[in-house]
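The values are calculated or read from the model by the stated rules, or taken from the named source; none is laboratory data. Here the structure is a predicted model, which is why all the values come from computation and not from measurement. Reconstructed Cβ throughout: ideal geometry from the backbone, glycine too, with neighbour counts over all protein chains shown.
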Amino acid sequence: MQDPLELLDIPSLLSDEERAIQATVAAYLTDHVRPHIASWFEEGILPRELARELARELGKLGVLGMHLEGYGCAGTSALAYGLACLELEAVDSGIRSFVSVQGSLSMYSIWKYGSEEQKQEWLPRLAAGEAIGCFGLTEPDFGSNPSGMRTRAVRDGADWVLNGTKMWITNGGLADVATVWARTEEGIRGFLVPRGTPGFSTQDVKQKLSMRASVTSELVLQDVRLPESARLPLATSLRAPLTCLSEARFGIVFGAVGAARDSLQAALEYSGTRIQFDKPIAAFQLTQRKLASMTVQVSNSMLLALHLARLKEAGTLKPEQISVGKYNNVESAIAIARESRTILGANGISLEYSPLRHANNLESVLTYEGTSDIHLLSIGHALTGIASFR
Ligand SMILES: Cc1cc2nc3c(=O)[nH]c(=O)nc-3n(C[C@H](O)[C@H](O)[C@H](O)COP(=O)(O)OP(=O)(O)OC[C@H]3O[C@@H](n4cnc5c(N)ncnc54)[C@H](O)[C@@H]3O)c2cc1C
């Protein structure tokens with residue numbers, strides 16, 4: 001069986017159009033990205049020119065901001081976007097992160113909270129991959145608790161002056177425009193900072209053991225002067241960046257299924273051809289137990305993702321429901337990636353096979369967009385009515 005999700009005939013739950021979008025994204029990635037991903041991961045960075053070319057290709061494919069309406073975006077269903085994330089992360093979490101940050105964080109922040117001029121200026125270019133965006137919320141001292149952020153924006157005449165540092169920002173070193181969240185006297189506000197603005201610089205994070213086929217950067221703002229027109233006018237509190245994060249987490253719920261499915265497929269294929277004790281290792285009951293248990297887990301994750309997509313399409317999806325999906329599907333995916341690696345034996349530690357690369361990437365996915373702990377607290381809050389974050 002090629003796709004373990006076929007055991008429960010899960011593809012039959014999708015419409016023809018949803019299946020066609022998923023197949024188109026998968027086919028593009030198989031031909032253009034999968035053959036290179038191990039070497040990009042090994043090099044530890046997406047080279048700038050390559051990233052720009054990839055962005056344009058992904059733009060042509062229609063996956064950048066694909067669930068948004070207008071401004072050159074595809075306007076697909078939430079489920080179609082989820083399925084694209086699944087196929088992207090089946091190749092590598094770094095590639096899915098690129099698309100998530102571009103579409104759900106950078107573009108969504110402009111689409112939802114921007115002025116008409118900001119939308120016209122940035123969204124069509126971001127959708128086409130002609131420009132790259134990033135989203136700066138986390139700081140060196142404030143990750144799980146962004147409400148403590150130190151980055152400040154102070155009014156100076158008609159302008160704003162920003163000072164501060166953002167850390168661990170996906171696409172930061174590539175971005176033509178950064179959505180930067182800062183504290184003002186009136187509360188937390190968002191600003192669009194174009195690359196090249198005096199006082200704005202970026203530095204890529206090196207020596208990563210995870211998410212190596214992705215650019216992760218520090219953003220430094222030193223007396224960055226911006227006009228009022230750079231402020232996102234409809235973002236009036238921390239709720240704005242948190243709403244953007246909910247969008248991106250929805251993509252992760254599906255993406256994690258992709259990483260898990262790909263790891264399991266690698267283990268399944270390998271177990272059929274690797275001979276020990278004169279038999280394929282797939283013939284041993286202990287191997288079958290692993291394969292069967294992982295198939296049950298990945299099927300559960302996919303059914304959960306589909307349920308959340310239908311809630312999103314109905315307009316009723318709540319943050320704590322996304323927390324269930326992000327927590328469950330990422331925890332499950334990392335367990336599947338590690339278990340799949342055991343089936344590959346020593347070969348499993350080589351970049352020739354995907355499971356350990358997925359497991360390493362999923363360490364980041366477990367941490368970003370709210371750690372597993374924070375999502376458990378959000379579920380606990382919904383259950384008990386008691387917020388135990390602090
Ligand atoms: C590869 C990568 C890409 C990223 N991309 C972006 C990006 O594009 N934009 C952006 O803004 N950020 C980004 N991040 C940052 C990410 O969102 C943060 O790392 C994350 O929010 C966690 O913050 P932290 O690392 O500071 O950990 P901390 O908040 O310091 O947490 C450390 C540990 O303490 C636990 N903890 C914290 N508070 C509590 C609590 N109340 N109760 C129980 N346990 C708690 C956490 O669960 C965790 O285990 C990225 C991170 C990575 C690794």
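What to note about this one:
- In the set (1) assigned to a helix (DSSP H, G or I); (2) under 23 Å from Pro280 (Cα atoms); (3) out of contact with any Lys or Arg (no Cβ under 6 Å at 6 or more places or on another chain), His307 fails one condition alone, (2).
- Close pairs (7 angstrom Cβ cut-off, 6 or more residues apart or separate chains): farther than 12 Å from Glu43 by Cβ in region 202-213, assigned to a loop (DSSP other than H, G, I, E, B) and more than 12 Å from the ligand (Cβ to nearest atom) anywhere: Asp204/Ile45
- Failed item in (1) assigned by TED's automatic domain parsing to the domain that holds Gly157; (2) within 13 Å of the ligand (Cβ to nearest atom); (3) within 22 Å of Trp122 (Cβ to Cβ), with Arg225 passing the rest: (2)
- Entry remark, region 114-164: residues being within 24 Å of Ile95 (Cα to Cα) and away from the ligand (no atom under 16 Å from the Cβ) number 9 in total.
- Cβ-Cβ under 8 Å pairs, at least 6 apart or on other chains, region 110-133 side within 14 Å of Leu68 (Cα to Cα), far side buried (at least 24 other Cβ atoms within 10 Å of the Cβ) and among the β-branched types (Val, Ile, Thr): Ile110/Thr179; Lys119/Ile110; Trp122/Ile110; Leu123/Ile110; Leu126/Ile110; Leu126/Ile132
- Across region 370-390, the qualifying residues are those that are of a type in the set (Ser, Thr, Tyr) and part of a loop (DSSP other than H, G, I, E, B), and the one among them that is farthest from Leu245 (Cα to Cα) is Ser388.
- Of all residues in region 53-69, those being outside any loop (DSSP other than H, G, I, E, B) and surrounded by 17 or more Cβ atoms within 10 Å (Cβ to Cβ) number 5.
- Residue match in region 216-236 (condition: within 16 Å of Ala131 (Cβ to Cβ), in contact with a Gly (Cβ under 6 Å, 6 or more places away or on another chain) and at pLDDT 95 or above): no
- Any hit, region 236-245, residues being small (Gly, Ala, Ser), crowded, with 24+ Cβ neighbours inside 10 Å and not in a strand (DSSP E or B): no
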